[in-house]
Amino acid sequence: MTEDPKGLLAELGDLRKRARVDRHGYWLPFLLFGLITLGATPFYGPMLCADGGQNPELVEPTVCSWSSADQPWLYHWLHPTGQMSGPVFGLHQPGVAADIYWIIALLCGYLAVVWWYRWRAAQVGVETPTRLYAQVTIFMLLLPLIGVPVLSELVFGRLGWQIALPITVLLIVAATWRVRSVRFTLAVLALFALAHFVTFYPYGPMFVLAAGLAGLAYLERSVVCTVTVAIFSATVLFVNEAGRFFFYWPYAVEDFASTALPALVLLVGGIIGSVRREMAR
């Protein structure tokens, strides 16, 4: 080690850079959640049926009819205000299969990411704290499962949203204002609003994923990680809402656009992060 002050500063800068590289491990969560998002594709394909009494091999099948009254209690619990069919999901028949898949997949993914960062900390000696990521992910998993249904049943359903919404906002502000900063209060309000969208939109679970990855990007302090999360969030909104602005996907890819394109963003981000890590070694 050199005794020259400039040399010492240069070596210190190199050590800091190496520590940041060793600490970054977002590439594996990106690959994992990219595969999870891609794995959800079969749950959003349209169900086709033939009219009663007709041979499905002789006539062109049409989209099966759907009614929320035919759904089990779990569907109504998870979607207390119903579920919207967006432009891309217009042919999708809502059901509990996709909900169960996302709940299990996101929970397993969350546990895998926490284990991954703790394992890496033991290997490289530099730990990325996962507390914020865990808090955001658990918060966003519990709100659609318990918080929104309970609020809808006990508060919004009885008082009406005109009265219940201001009361809910005031309670959140009162509970968080003195404990944390204004920024924390605004973040909690945003997550509560996001949790409602999770129950309302068919692609809502990807909001949960985006929120968890945003917390991860905040911890990683990585440009690639942050940009990837931003592009992923924008892609989720674009591919599912573009039809409202009269942009429609080709029929051949319509059934896959809602999940495959956001998954591709995460997979590419994970690959780039892995390559950058290897090049920096």
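How about the stretch 192-216: which of its residues are among the aliphatic types (A, V, I, L, M) and surrounded by fewer than 21 Cβ atoms within 10 Å (Cβ to Cβ)? Show your work before the answer.
From the stretch 192-216, those among the aliphatic types (A, V, I, L, M) are 193-195, 198, 206, 208-211, 213-214, 216; that's our starting set.
Within the stretch 192-216, ALA193, LEU194, ALA214 qualify.
Among the residues that make up the stretch 72-82, is at least one of them modelled with pLDDT of 65 or more, surrounded by fewer than 16 Cβ atoms within 10 Å (Cβ to Cβ), assigned to a loop (DSSP other than H, G, I, E, B) and small (Gly, Ala, Ser)?
Checked against the condition, which is being modelled with pLDDT of 65 or more, surrounded by fewer than 16 Cβ atoms within 10 Å (Cβ to Cβ), assigned to a loop (DSSP other than H, G, I, E, B) and small (Gly, Ala, Ser), the stretch 72-82 yields at least one hit.
Just checking, how many residues over the stretch 28-54 are assigned to a helix (DSSP H, G or I) and modelled with pLDDT of 90 or more?
Here is the first cut: in the stretch 28-54, the ones assigned to a helix (DSSP H, G or I) are 28-39, 41-44.
With the extra rule that they be modelled with pLDDT of 90 or more, the set shrinks to 28-39.
Residues meeting the conditions: 12.
Can you say whether ALA187 is under 12 Å from the mean Cα position of the chain (by Cα), surrounded by fewer than 20 Cβ atoms within 10 Å (Cβ to Cβ) and under 29 Å from SER258 (Cα atoms), as far as the supplied structure shows? Full working, then the answer.
Details: under 12 Å from the mean Cα position of the chain (by Cα): no; surrounded by fewer than 20 Cβ atoms within 10 Å (Cβ to Cβ): yes; under 29 Å from SER258 (Cα atoms): yes.
Considered against the rule, which asks whether it is under 12 Å from the mean Cα position of the chain (by Cα), surrounded by fewer than 20 Cβ atoms within 10 Å (Cβ to Cβ) and under 29 Å from SER258 (Cα atoms), ALA187 comes out as no.
What are the residues in the stretch 85-104 that are at pLDDT 70 or above and within 16 Å of PHE200 (Cβ to Cβ), if any? Reasoning before the result, please.
Here is the first cut: in the stretch 85-104, the ones at pLDDT 70 or above are 94-104.
Listed by number, the residues that qualify are PRO94, GLY95, VAL96, ALA98, ASP99, TRP102.
The values are calculated or read from the model by the stated rules, or taken from the named source; none is laboratory data. What you are looking at is a predicted structure, and each value in this text was computed from that prediction instead of being measured. Methodologically, a virtual Cβ is constructed for each residue, glycine included, from the backbone with ideal geometry; neighbour enumeration extends over all protein chains shown.
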